[in-house]
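The values are calculated or read from the model by the stated rules, or taken from the named source; none is laboratory data. Remember, predicted model here, so these are calculated numbers, not experimental data. Counting neighbours? That spans all protein chains shown, and the Cβs are built from the backbone with ideal geometry, glycine included. To get the accessible areas, we keep the full protein, side chains included, count just its heavy atoms, and leave off ligands, DNA and RNA. Shrake-Rupley method; radii C 1.70, N 1.55, O 1.52, S 1.80 Å.
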Amino acid sequence: MFLHSGLTASTNKPALHRNFRAECKLVARTTKRCSVAVLTLEPKVSRFVCLKQHHKNYAHIASIGDSTSCVYLNQRQKSNTDHICVRSEERKMETSGLSFITNVPENPMQIFANWHNEANEHSDPNLFLDTMTIAGLSDTDDLLNRNVILRKHDDNGLIFVTERNTMKFKDFVKNPSVAAVFLWIYMINGTAVTRQVRVLGKVAELSELEIAEFYKEEPLFARIRSKICRCGEPVDWNDLKAKHDLTLKDYQDGKDTLPQRDTYTAMRIIPQKFDFYHARRHEIADRVKYTLEDGKWINYHIAT
Ligand SMILES: Cc1cc2nc3c(=O)[nH]c(=O)nc-3n(C[C@H](O)[C@H](O)[C@H](O)COP(=O)(O)O)c2cc1C
């Protein structure tokens, strides 16, 4: 335990399941339930923290830097509270800025391609999930969203593959309106970049020839899934496992080549509106909106 200005403190990071001690000085009490303390985790690393739920013998801290934690204060002697203006000091330490989207090409699929490349380049290849969340109107007119993998993008839109027995396929056949959103977070030169791309448009099935090209790229598990799974239907896991193992064996023995089934399909999102959001850490985001007017893309920056 360290003793400092009448307060000792030990921190407990529940998420990490380990205890460590920290020096803690209560410097201001702002309200009965919320005080401010200086917390020193190791020499030269100290910061103001907001004490939430401040009780007689301990206090929870909402955040220490980037990580959530809590601090238990053992009040050995009566608090020697310094009523200094912590808020204004905190403000001096903080910084702020305004992000700006510099490259705004006429064709929104071009900015999409640039951002997608950049996210790909700066992300861990083992963790970068090239997904988008797509939402449509369900058969009960409720909104329904799910993630799908972005299989291809070009000037005409964004392509994903799916099965004709999924809800999304049935829903898009009835109502082709779609909302898609991408979230990319990565580091460039030590700065975290957050990007979001929102797309509104219509969904259309690809030609059988194009669908077949995508099927050729499917990994083995996806081809087996296409054969043995009826998406969304109740299933007995043991039955499915038996079917899977048999199909796998037949494939390995050359008895089943797992040809494309007529449930397999691919769909294109044809964009009508885009909203590109870009923010560097501690900066206010910039957004660029694209809309189609008389077949021509119009773009302008919008506030976040
Ligand atoms: C990371 C991830 C990627 C996915 N990719 C696809 C995909 O490319 N195509 C697809 O049909 N389902 C994909 N799924 C499954 C869907 O999210 C969804 O659960 C399933 O397709 C059923 O959709 P439905 O609600 O339209 O019936 C993916 C799920 C995850 C978590």
Distant-in-sequence amide H partners of Arg151 (H built 1.01 Å from N, under 5 Å):
Ile159, Phe160, Val161
Find how much the distance from Asn120 to Asp256 grows on full extension, using 0.36 nm per residue of separation minus their present alpha carbon separation; answer in nm with one decimal.
45.4 nm
Would you kindly find the accessible area of Leu158, with a 1.4 Å probe and non-protein molecules such as ligands, DNA and RNA excluded, rounding to the nearest 10 Å²?
0 Å²
Give me the distance in nm between label points sitting 7 Å out from Cα along the Cα-to-Cβ direction at Asp155 and Glu94, one decimal.
4.6 nm
Amide H contacts under 5 Å for Thr166, placed H, 5+ residues apart
none
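Ranked from the most accessible area to the least, with a 1.4 Å probe and all protein chains present, what is the order of Glu205, Glu163, Glu94?
I get Glu94, Glu205, Glu163, largest accessible area first.
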Heavy-atom accessible area order for Lys289, Lys296, largest first, 1.4 Å probe:
Lys296, Lys289
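How far, in nm, would the chain grow between Arg146 and Thr194 when pulled straight, counting 0.36 nm per residue and subtracting the alpha carbon separation?
15.2 nm
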Nearest 0.05, what FRET efficiency do Asn238 and Gln272 give at R0 = 51 Å with Cβ-Cβ as r?
0.65
³J(HN,Hα) across the range 156-164 via Karplus (A = 6.51, B = -1.76, C = 1.60, θ = phi - 60°), whole Hz, x for Gly/Pro?
8, x, 10, 10, 10, 10, 7, 10, 6
Cut-off 12 Å between beta-carbons: net charge of the residues surrounding Ala119, Lys and Arg +1, Asp and Glu -1
-3
At a probe radius of 1.4 Å, what is the per-residue accessible area of Thr257, in Å² to the nearest 10?
100 Å²
